[in-house]
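Visitor: First the structure, then my questions, so here it is.
The values are calculated or read from the model by the stated rules, or taken from the named source; none is laboratory data. All of these numbers come straight from a predicted model, not from anything done at the bench. Note: ideal-geometry Cβ built from the backbone for every residue, glycine included; neighbour counts use all protein chains shown. Surface accessibility is based on the protein's heavy atoms, side chains included, excluding ligands, DNA and RNA. Shrake-Rupley method; radii C 1.70, N 1.55, O 1.52, S 1.80 Å.
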Amino acid sequence: MDGRTTRGGVRAPEGGPDGAKVVLRQAGEADLDVAAELFRGYLEFYEVEVTDPDRPRAFLAERLRGGDSFILLAEVPGAGAVGFTQVYPMYSSLSMQASWLLGDLYVTPPGRRTGAGRALLREVLRRAREAGVAGVQLETAYDNRVAQGLYEAEGFVREEFHVYFHDLAEAGSGAGAGADADADVDVDVDADADV
């Protein structure tokens, strides 16, 4: 990235493919409304039904307040905020080092082809190197070929691991779902055990 960091964590403009300048900055509490609007677009893109319209903003506020994640915003002059990314610090047991999960990266339709997505991704990688983390992990939909092309062009490699997820929010997805519900399972738990 040819931009420079300025005061307040803002990255100097980087030109996109159509000549637009992308300005990046880390979101704070004052940016929650803007970040929440972008987050809603992200949720719509992945067809997530949001029943409480205030929940996206509250979710982001909880993450920022708890220090669970950081959020970067991408702005294009004349268009405003056109993209965001949310990154969660975590640890890799296999490397025994800190790593990051790039949980969300979204650019609005009018912000696409401005270089905003690439600028956000490069800024996450720059910050990760600066922080000394082992690597950055992300997931995307199997059919999101545009995002996959961007990630691979920026050095991400598709891993051979299969990703599994057990949805505890779905009805009937608790332990034993799909198995014999009447089966007895004995679990011996030592309350004083160091787990």
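Visitor: Just to be sure before I move on: is THR114 without any contact (Cβ under 8 Å) to a residue 24 or more places away in the chain and of a type in the set (S, T, N, Q) in the structure I sent?
Guide: Considered against the rule, which asks whether it is without any contact (Cβ under 8 Å) to a residue 24 or more places away in the chain and of a type in the set (S, T, N, Q), THR114 comes out as no.
Visitor: A follow-up question, please. Might you let me know whether region 92-99 holds any residue that is under 13 Å from the mean Cα position of the chain (by Cα), farther than 14 Å from GLN137 by Cα and not in a helix (DSSP H, G or I)?
Guide: The answer is no, given that none of the residues of region 92-99 is under 13 Å from the mean Cα position of the chain (by Cα), farther than 14 Å from GLN137 by Cα and not in a helix (DSSP H, G or I).
Visitor: Which residue, of GLU139, GLU159, GLU152, is closer than 27 Å to GLY28 by Cβ, surrounded by fewer than 14 Cβ atoms within 10 Å (Cβ to Cβ) and among the acidic types (Asp, Glu)?
Guide: GLU139
Visitor: Are any of the residues in region 137-145 in a loop (DSSP other than H, G, I, E, B) and of a type in the set (A, V, I, L, M, F, W, C)?
Guide: Yes, that holds for at least one residue.
Visitor: For residues that are of a type in the set (Ser, Thr, Tyr) and modelled with pLDDT under 95, scanning just region 57-96, find the one that is most open to solvent (accessible area, probe 1.4 Å). Give the derivation first.
Guide: Going residue by residue through region 57-96, those that are of a type in the set (Ser, Thr, Tyr) are 69, 85, 88, 91-93, 95.
Okay, now just the ones that are also modelled with pLDDT under 95, so 91-93, 95.
Details: TYR91: 183, SER92: 36, SER93: 105, SER95: 48 Å².
So the residue we want is TYR91.
Visitor: Scan region 35-53 for residues that are in a helix (DSSP H, G or I) and open to solvent by 60 Å² or more (accessible area, probe 1.4 Å) and jot them down.
Guide: GLU37, ARG40, GLU44, PHE45
Visitor: Right, ASP31: open to solvent by 20 Å² or more (accessible area, probe 1.4 Å), within 21 Å of ALA116 (Cα to Cα) and modelled with pLDDT of 95 or more or not?
Guide: Here the answer is yes, as ASP31 does meet what is asked.
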